[in-house]
Amino acid sequence: MMDVTGVAMDSDKATPGRADLACPVCLGPAVEFMTLAARRYRRCPTCQARFLDPAHFLTAAEEHAYYLTHENTVDDPGYRRFLSKLADPLLARLPAQAQGLDYGCGPGPALAAMLQEAGHRVALYDPFFAPDPAPLSQTYDFVTCTEVAEHFHQPVTEFARLRALVRPGGWLAVMTCFQTEDARFERWQYRADPTHVVFYRDATFRHLAQDWGWRCEIPCKDVALLQRPSG
């Protein structure tokens, strides 16, 4: 069917027999959502994620080239203000001298610098800019994932890895622009980024936390803090 803007929108009927129609975030059955400029999107009624058909994913080389156009630097005051949306509530929950990992740190790991300046130790990992896998063999009091989860081609695999990196009582801190009204999806600037392939709502992270047996806090829009049980 068509919505009021003339965008093709599909029903809640799932197509059986297609493995790629499973939600990549929670593995629930996905349904058709809408098609924009020949790019097909689906949604998950279970966790409320929206995601791009994998047929439209960029290659790793194309992704890397696009990331190189970003101009975020460690000392950029504006970038630091942006990251403080996650850093401030996380810092309020951390013990002194905690050990953490900035997962998907990018070429300018400003968040890691901010957390280090607050007295914490922070390791770095990024598949393109800090690819040494050694930090992935340890566990941490906190793991940060800022403006990264929307790039995950296989979110269920990535979140399983992130969960395993967090010590009992520790935190997984995620920042990504939450998708809100479906009516805004077509013109949403965040969706237009060709490297953004999965879009979350606060309900998505609450669902994941419940499924994992973790606690979820949403201190502000676009930030989810998930705490692993201590026991």
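Against the criterion of being surrounded by 14 or more Cβ atoms within 10 Å (Cβ to Cβ), modelled with pLDDT of 80 or more, basic (Lys, Arg) and within 19 Å of the chain's Cα centre (by Cα), Arg80 qualifies. Do we have Tyr67 as surrounded by 13 or more Cβ atoms within 10 Å (Cβ to Cβ), farther than 25 Å from Asp202 by Cβ and out of contact with any Asp or Glu (no Cβ under 6 Å at 6 or more places or on another chain) here? In short, yes.
Once the range 144-186 is narrowed to residues that are β-branched (Val, Ile, Thr) and not in a strand (DSSP E or B), the residue that is farthest from the chain's Cα centre (by Cα) is Thr180. Could you figure out which of (1) touching an Asp or Glu at 6+ places or on another chain (Cβ under 6 Å); (2) at pLDDT below 95; (3) not polar (S, T, N, Q) isn't true of Leu111? Result: Leu111 passes all but (2). For residues in the range 86-112 being part of a helix (DSSP H, G or I) and crowded, with 16+ Cβ neighbours inside 10 Å, which is nearest to the chain's Cα centre (by Cα)? Taking the candidates together, the pick is Leu86.
When the range 187-216 is filtered for residues that are buried (at least 17 other Cβ atoms within 10 Å of the Cβ), in contact with a strand residue (DSSP E or B) (Cβ under 6 Å, 6 or more places away or on another chain) and not in a helix (DSSP H, G or I), the ones remaining, listed by number, are Val197, Val198, Phe199, Trp214, Cys216. Elements of the type strands (runs of 3 or more DSSP E) sitting completely within the range 1-75 and holding at least 3 residues that are at pLDDT below 95: there are none.
The values are calculated or read from the model by the stated rules, or taken from the named source; none is laboratory data. Computed from a predicted model, the values in this text were never measured in an experiment. Here the Cβ is made from the backbone with ideal geometry for all residues, glycine too, and neighbour counts use every protein chain on show.
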